[in-house]
Amino acid sequence: MLKDERQHWILNKLDKCKKVSLVAISRELAVSYDSIRRDIIELEERGLLKKVHGWAIANCYLPTQAGKVIPSPNTELSSIASKAQRLFRNGQTILMDGGITNLHIAEQIPLYLEATVITNSPRLAISLTNHPSVEAIILGGAYHKNHQITLGSETSLQLRHFKADLYFMGVSGIHPKEGITIRHYEESQLKRQMMTVAAHTIVCATTEKVNKVETYQVCQLRDVGTLITGSSDTVLESNKWPHQNVQIL
């Protein structure tokens, strides 16, 4: 079965069952667990489902955790976007990389704001088409289809010509010891460079990314200026988090 066929099957399965384990998918399709995991990660990055502890979960359904209901993606994204608006000022240059969270923030930028947004996400830039007073600049380079962003030497070269007031960084995991991590090596390198051209770095993460570790580290939490989550209590209730110098919204 081809990748596109597998992913179509997974989405149809979630329409019916709302959640299914990666092990069950692997057995039913007679495909390796690693292949299914890659499919789920790609579908999650496209905003089509959620991956939680070995399960693929439909966006409209999330289980309870420790007796509490996990906030739905739409609720969390709206909360994050609302908090992000507190940081916007007229005249700013705002750097935003790819990902569903940053896309949602961009779509909610107030209509009164006069600013410049620099991004390596064509989809994010397009979302600003009808904004009356935000100038969108797209960084060129090789287009990474799975992540829907530009990457590579040309992207890095163009980035050197800019200075930003704010950098909104999309992440795959945040952890008190392992810091900020993502799944793609070249993208981790670009994110580090984006931090160097910005005066202030903001990490936005939904609940399922907290205490999660992916393959490639971008930085330690202490290197971030502001952390925005859909539910800040998730971070603050643990004394293991070195957040003394990090603004948490």
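The values are calculated or read from the model by the stated rules, or taken from the named source; none is laboratory data. Model, not experiment: these values are computed from the prediction. Note that each Cβ is placed from the backbone with ideal geometry, even for glycine, and that neighbours are counted across all protein chains shown.
The requirement of being touching a Gly at 6+ places or on another chain (Cβ under 7 Å) and buried (at least 19 other Cβ atoms within 10 Å of the Cβ) is satisfied by Thr155.
Candidates Ile126, Ile182: the one that is surrounded by 18 or more Cβ atoms within 10 Å (Cβ to Cβ), of a type outside the set (Gly, Ala, Ser) and not assigned by TED's automatic domain parsing to the domain that holds Glu44 is Ile182. Among all positions in segment 162-184, there is no residue which is assigned to a helix (DSSP H, G or I) and touching a residue at least 24 places away in the same chain (Cβ under 8 Å).
Considered as a group, the residues in segment 186-223 that are among the β-branched types (Val, Ile, Thr) and touching a helix residue (DSSP H, G or I) at 6+ places or on another chain (Cβ under 7 Å) include one that is nearest to Arg86 (Cα to Cα), and that residue is Ile202.
Scanning segment 194-213 for residues that are of a type in the set (D, E, K, R) and without any contact (Cβ under 8 Å) to a residue 24 or more places away in the chain returns no hits.
For segment 102-109, check the following and say yes or no: at least one residue is assigned to a loop (DSSP other than H, G, I, E, B) and not hydroxyl-bearing (Ser, Thr, Tyr).
Taking every residue of segment 102-109 in turn, at least one turns out to be assigned to a loop (DSSP other than H, G, I, E, B) and not hydroxyl-bearing (Ser, Thr, Tyr).
Pairs are defined by a Cβ separation below 6 Å, a sequence spacing of at least 6 or placement on different chains, a first member in segment 7-24 that is of a type in the set (S, T, N, Q), and a second member that is part of a helix (DSSP H, G or I); the pairs so defined are Gln7/Asp39; Gln7/Leu43.
For Gly67, are the conditions met, namely being exposed (fewer than 14 other Cβ atoms within 10 Å of the Cβ), modelled with pLDDT under 90 and not hydroxyl-bearing (Ser, Thr, Tyr)?
Considered against the rule, which asks whether it is exposed (fewer than 14 other Cβ atoms within 10 Å of the Cβ), modelled with pLDDT under 90 and not hydroxyl-bearing (Ser, Thr, Tyr), Gly67 comes out as yes.
Would you mind stating whether Glu28 is at pLDDT 90 or above and touching a helix residue (DSSP H, G or I) at 6+ places or on another chain (Cβ under 9 Å)? Can you show your working first?
Numbers: at pLDDT 90 or above: yes; touching a helix residue (DSSP H, G or I) at 6+ places or on another chain (Cβ under 9 Å): yes.
Spelling it out, Glu28 is indeed at pLDDT 90 or above and touching a helix residue (DSSP H, G or I) at 6+ places or on another chain (Cβ under 9 Å).
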